[in-house]
Amino acid sequence: MPYTNQAASLIDAVRAVGEQMIAANPVELAVGNIVRRVLHIIREEDLSSTTTAIEGLGLSDDDVDGDENEDHPALSAAVLAAAARSTLRAPSLQTLLEDIPVSAAAPPNSSSGGDSEGRSKSAEKSSRSRKLKHDVIEAMNELIQDIDTCHEQISEQAVEHIHQNEVILTLGRSRTVKEFLYAAKEKKRSFRVFVAEGAPRYQGHVLAKELVAKGLQTTVITDSAVFAMISRVNMVIVGAHAIMANGGVVAPVGINMVALAAQKHAVPFVVVAGSHKLCPLYPHNPEVLLNELKSPSDLLDFGEFSDCMDFGIQGGSPLLHVVNPTFDYIPPKLVSLFITDTGGHNPSYIYRLIADYYSADDLVVQGKSTS
Amino acid sequence: MDHRRVPRAVIDPKVRQVLVVTPPIPRPSHPRPARLRRRPPLRPIPVPTPTLTLTLTSPLRRRRRDAALVPVGSYNPSEPLLGTPPMTSPSSRADADLNFSDDAPSPPWIGRTGGGKVASSFPGSSGEMMAAAKNLPKSDLTTASVVKTLPGVSETNKGALVEMQADGIGATGSQKQKTTKAERRAIQEAQRAAKAAAKEAGGVKSAAASTGEVLAASKQAKAVKSPSQKKDGPQVTAPVSSSEKKVGDRLPEKDRKKDVPHPRMQFDDINRVEKAKRRAVVNQSEARNRVELFRHLPQYEHGTQLPDLEAKFFHLDPLHPSVYKVGLQYLSGDIHGGNARCIAMLLAFREAINDYSTPPKKSLVRDLTAKVSSYVSFLIECRPLSISMGNAIRFLKNRIAKLPHTMSELEAKSSLQSDIDRFINEKIVLADKIIVRHAFAKIRDGDVLLTYGSSSVVEMMLVYAHEQGKQFRVVIVDSRPKLEGQALLHRLVKKGLNCTYTHINAVSYIMHEVTRVFLGASSILSNGTVYSRVGTACVAMVAHSFRVPVLICCEAYKFHERVQLDSICSNELGDPDVIAKVSGRKDLNHLSNCVDNENLQLLNLMYDVTPSDYVSMIITDYGMLPPTSVPVIVREYRREQLWI
């Protein structure tokens, strides 16, 4: 019970915080991803410690260390069995119903402990919980490390894909793409880059400046010229905002146009992204639900068009709408390859990666209502 | 070989005649010049226009070739010009506009005697004396094209002569002439040369170059040469990229006979660029950091030419002031848009013709043609011609060439002026009206119409539909660097249309709501591709992927025989500096510091090519056509247009 209790309470705590963070900016899918990763880590660590404990239980007769076991073998066994039952079993109505009384029963148990048994029980519990916490924190540190080093790991694969005399097209600015191209340049591959400026943020200019500083032949083109130039391009490499469970990509606005043009000209369309961008959700109506509309001032100067905002003409409804979306959705059939820190993948493989990183329980991050 | 073929006088059964056609008047049986034996007799292709009571009859081909008449439609030559905007016409000098299709004076750069009208020495090419049947001294031709590789020098020109005569005679009548193989080949070459040379936005600086060179041989040399003489030592900054002469580009003699379209000015050949520069009126300095891919197109520094030209305003005597003015307006971007540029140019020519007086001892036709050519090359230097302008120039030269010798100067001038007025009226103004009516039929209530950039015809159509009371919304997609959509947005909102405005990256987002896409075009090429403002291809592609119909509104005079596969082969490059600077956003100056870095190139494409599979329908003044019908229109009706 302490195990279940410990993991469950951890999960609840993380869920509560995660729900708030996700609600703060639902469009920023990476937040939800990391929350779910942590939840998955907790479950996994719990599972693995339970498994080892069960194995340890089988050997406990011969086991010399672990005085908790010797002291309270019966209690440990019962506890372990219960924990095993709940963690190792697939979620079902019974387990769900069992969980509640378990956590409800746990506090009385712990509070009743006052004698030596209780002390040792709590000691055992705290050591176990410490072990779980320790494991979880270790795993999370690894996760942080992974996220920090994702660029290096992705860039290592650059030489496999960029050869000599290549022409590469990208739109806007992605740090992953930049590191990717740097790495290829380090390995003395010769290639040219067409950078589409990526209105209305014009981050393409920034990227071009950085590439030029590194000595890469860069040409800046307008977004409208993408179709015109793509016939001379060998490969399109872009970054992503998020990769959805079906292999679709949520990317900065304009990249869907590039993907369509690339498909028409049979140019490989490569998406580079760290695995923290992998989102276990399936996109439904992503253009609307996973999008953010920004201020029209990027497109139009209010001063020039203030006279067009006359509301009187059509009975109060404005004649002029300005649309400035931030993201674009790219269906999986347009993507040739995903390059993540775990290697290169087909869009059809994304579901498998998601099964590795996430648990099915965590798809909806909602703080559990206490009974 | 020709003995096998019997002149066909049978009506092609495949062509159904929907409209009543007056039977063709049998051609007077004079010995026909070698005709291009290439296709079945052209029949009037009935294109049913809806019930529009216009003076414009359906353009049926007349087989009758009458030097004076050529009544294609029933337009009254003296019909007043309807509402032509009083723009100074940029006399774009279309040296590219090789007026081969008729006996028009050949552009000097191919080495013909400018405007010289000599009876063609081509065997069997007697018959009607085309105004400009030129005798091309072979030597001339070989040295001629400095800048243009003219395939099949003498043969081409000879063939062109023949072609011109053949065309001049009024197209394929009901009889086929037997032609020798060589003649046919020559004719084909000439045809191709004519057509390819006719229009190129790619900039035909060769005009100036060849002008100076070739006209040395002709009497009219002086008129044209003065501009080049006036030019001070060219302020030449050595071309940034050394261009080795591409062997493949220069067609060897043996390729003359092959089916090669006429190449235009090759800007990647250093010798030609040098020669062109020497004769140019406008000082062009090469742009730094030229994009490799576009070495074959001119890339110049912008901003240096205008002040230079302004200073020279009072020194360029041979150049008519209205032409000069229009050139300056082109250079500064005051006049833009296919129709506007064309009309402005034609009006400037009209004024120039008005003020023209034939120098003594010179033939009006030749001299005037040479003058027009000089104007055109000046305009090319200001800004490369659009295809519509090229066609208009071809028309004008044709008309000049067709002037009967018996006409007095005054009559000739007034006839030309009325021709110009008629062209503008019929081909542009009336054509726009017809297109608007057709397109209006395609709009339903509740539609969401998307348009890209700013097209004059589409704008007229939207306003008309709104005035007729149709309920619809408009989505305007715009892009950098020109941001033409903002002006359109302004005008439409002022008229009370419900508009949505966005930038081209968001077209995937907005396409979900759109029911129809209306686009304009700078030209439509013979393989059905649409040559228009850069970004049109992206919009059409996204619309196609969302299954939204794409309708192109384009006047028929903008059609061209050229074909093009992608946007790189020929294009126009604008000022690269506007890419680095984003207007209205002072904070975005990331690139301002490293513009001089040799690794950085800025590319400002003006046009792009939309493949025909993305286009659902083309709306022209001849009706609504699929993209595959464009070469048909070009073949059937272009001939007529030149006869006007």
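The values are calculated or read from the model by the stated rules, or taken from the named source; none is laboratory data. Bear in mind the structure is a predicted one, so any value in this text is a computation, not a measurement. Don't worry about glycine lacking a Cβ; one is built from the backbone with ideal geometry, like all the others, and counts go over all protein chains shown.
Remarks
- Check on B:H560, touching a residue at least 12 places away in the same chain (Cβ under 8 Å), more than 14 Å from chain A (Cβ to nearest Cβ) and crowded, with 24+ Cβ neighbours inside 10 Å: yes
- Scanning segment A:314-365 for residues that are outside any helix (DSSP H, G or I) and of a type in the set (F, W, Y), we see that the one that is farthest from A:V31 (Cα to Cα) is A:F338.
- Segment B:535-555: number of residues that are in contact with a Lys or Arg (Cβ under 8 Å, 6 or more places away or on another chain), over 17 Å from A:M257 (Cβ atoms) and part of a loop (DSSP other than H, G, I, E, B): 2
- Those strands (runs of 3 or more DSSP E) of segment A:215-282 in which at least 3 residues are of a type in the set (V, I, T) and either within 14 Å of another protein chain (Cβ to nearest Cβ) or surrounded by 24 or more Cβ atoms within 10 Å (Cβ to Cβ) (or both), considering only elements entirely within it, cover A:217-221, A:235-239.
- Just one of the listed residues (B:S532, B:S508) is more than 7 Å from every other protein chain (Cβ to nearest Cβ), crowded, with 24+ Cβ neighbours inside 10 Å, polar (S, T, N, Q) and not in a loop (DSSP other than H, G, I, E, B), namely B:S532.
- Looking only at segment B:588-606, residues that are more than 7 Å from chain A (Cβ to nearest Cβ) and not polar (S, T, N, Q) come to 4 in all.
- Scoring B:E513 on the criteria (1) out of contact with any Pro (no Cβ under 9 Å at 6 or more places or on another chain); (2) over 16 Å from A:E287 (Cα atoms) leaves a single failure, condition (2).
- Complete set of residues in segment A:201-219 that are under 31 Å from the mean Cα position of the chain (by Cα) and among the β-branched types (V, I, T): A:V206
- Scanning segment B:452-475 turns up no residue that is touching a Phe, Trp or Tyr at 6+ places or on another chain (Cβ under 7 Å) and within 14 Å of chain A (Cβ to nearest Cβ).
- Looking only at residues in segment B:615-640 that are surrounded by 24 or more Cβ atoms within 10 Å (Cβ to Cβ) and either under 28 Å from A:A199 (Cα atoms) or not hydroxyl-bearing (S, T, Y) (or both), the one that is nearest to the other protein chains (Cβ to nearest Cβ) is B:V615.
- B:V429 being within 21 Å of B:A537 (Cβ to Cβ) and not aromatic (F, W, Y): no
- Taking the criterion of being within 11 Å of another protein chain (Cβ to nearest Cβ), part of a loop (DSSP other than H, G, I, E, B) and crowded, with 19+ Cβ neighbours inside 10 Å, the residues of segment B:569-585 that qualify are B:N571, B:G574, B:P576, B:V582.
- B:E561 passes every criterion in (1) modelled with pLDDT under 95; (2) not in a loop (DSSP other than H, G, I, E, B) apart from (2).
- Residue match in segment B:514-528 (condition: of a type outside the set (D, E, K, R), in contact (Cβ under 8 Å) with a residue 12 or more places away in the chain, facing another protein chain (nearest Cβ under 8 Å) and under 16 Å from B:V458 (Cβ atoms)): no
- Residue within segment A:194-203 that is farther than 26 Å from A:L293 by Cα and either in contact with a strand residue (DSSP E or B) (Cβ under 7 Å, 6 or more places away or on another chain) or more than 9 Å from chain B (Cβ to nearest Cβ) (or both) present: yes
- Taken residue by residue, segment A:178-185 has at least one member that is within 12 Å of another protein chain (Cβ to nearest Cβ) and at pLDDT 90 or above.
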